[in-house]
Amino acid sequence: MRHQPLITCAPPPPLVAVAHGSRDPRAAATVEDLLDLVRRRSGLRVMTSYLDHAPPTPGQALGALAGDGAGEAAVLPLLLTAAYHSKTDIPGALTEVRRDHPRMRLWYGATLGPHPLMISALERRLAEAGVTPDPDTALVLAAAGSSDPSANATIGRMARGWRGWRRVVPAYASAARPTPAEAVRGLLDAGAPRVAVASYFLAPGYFADKVRDESLAAGATAVSAALGAAPELVEIIKQRYTEIITLGDQAAVG
């Protein structure tokens, strides 16, 4: 009896997720909840890392993988817009990893947003806050804000592409105007019967709390929670990972 050769498939490259990091412990807990859901729904080995305020750094996470014998990894920024962190900080960290582990192949993916599923995730959180699309309800899309004009422009395009509400306007918690409170007051002054705020934040923390408090004080009917472990974000992460692996050498860094 002739034996067929045993065909084995190499495991998929591990995913190293890079979050911003925060002094607020709720942020890391939320990121872990999201990535636990990714692990359960994808079967991937997923490592968490943070740019600031919490360990491990991307370099430490990738170094640990290299120490375990991993020869490759897919790196995904858990950031909602492409700005300084995704364009400079993370690539710089990966260059250092490549220098320390020259045989390790690294692929770098796109930020989570913009993505068509983001609006679905935001509307999920708004519905949980008791608000659904309504021609009598205006909406403020509140993001952290950035010194990178292209990042702020991305939020503006998201707002313009949203349908089902009286009006949707972008606002920024820092670095750009209007602030969410200014946007809420402007919409009310323009005659909107109700104004709600969609929080375009991955996790709770200083900016999310600031937006909530100031928006409610300005007259907002409701402010949604941070996106967190929304199923839509899990799908986006899985898609981004697939994009990295499909691109292969085109997405390699270092």
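By accessible area of protein heavy atoms, probe 1.4 Å, what ranking do 53, 101, 115 get, highest first?
Heavy-atom accessible area, descending, gives 53, 101, 115.
Below 8 Å, C-alpha to C-alpha, sequence gap of six or more: please give me the relative contact order for segment 1-144 in percent.
Once normalised by length, the contact order is 22 percent.
Place the peptides 54-60, 158-164 in order of packing, highest mean first, counting for every residue the other Cβ atoms within 10 Å and averaging per peptide.
Packing proxy ranking, top to bottom: 54-60, 158-164.
Using only alpha carbon pairs under 8 Å that are at least six residues apart, calculate the relative contact order of the chain and give it in whole percent.
RCO, the chain: 23 percent.
Counting only the heavy atoms of the protein chains, how much of residue 172 is accessible to a 1.4 Å probe, in Å² to the nearest 10?
20 Å²
Relative contact order for segment 100-208: what percent, with Cα pairs under 8 Å and sequence separation of 6 or more?
That works out to 31 percent.
Positive end of the charge dipole of segment 1-151 (Lys, Arg +1 and Asp, Glu -1 on Cβ, about the Cα centre): tell me which of 111, 38, 83 has its Cα farthest that way.
38
Applying 1/(1 + (r/R0)^6) with R0 = 51 Å to the Cβ-Cβ distance of residue 188 and residue 53, what FRET efficiency is obtained, to the nearest 0.05?
Plugging the Cβ-Cβ distance into 1/(1 + (r/R0)^6) gives 0.90.
Please state the charge dipole magnitude for the chain, taken about the Cα centre, from unit charges on C-beta atoms (+1 on K and R, -1 on D and E), reported in debye and rounded to the nearest 20.
Here the chain has a charge dipole of around 480 debye.
With a 1.4 Å probe and all protein chains kept in place, how much accessible area does residue 147 have, in Å² rounded to the nearest 10?
The accessible area comes out at roughly 110 Å².
Taking all protein chains as present, what is the carbon and sulfur share of the accessible area of the chain, in % to the nearest whole number, probe 1.4 Å?
C and S atoms contribute 53 percent here.
Considering the options 147, 178, 97, tell which one lies farthest towards the positive end of the dipole of segment 83-185, charges being +1 on Lys and Arg and -1 on Asp and Glu at the Cβ, about the Cα centre.
Checking the options against the dipole of segment 83-185, the answer is 97.
For an R0 of 45 angstrom, estimate the FRET efficiency from the Cβ-Cβ distance between residue 245 and residue 160 and round to the nearest 0.05.
It comes to 0.90.
The values are calculated or read from the model by the stated rules, or taken from the named source; none is laboratory data. Bear in mind the structure is a predicted one, so any value in this text is a computation, not a measurement. As a convention, Cβ positions derive from the backbone with ideal geometry for all residues, glycine included, and neighbour counts pool all protein chains shown. Surface areas here come from the heavy atoms of the whole protein model, side chains and all, with no ligands, DNA or RNA. Shrake-Rupley method; radii C 1.70, N 1.55, O 1.52, S 1.80 Å.
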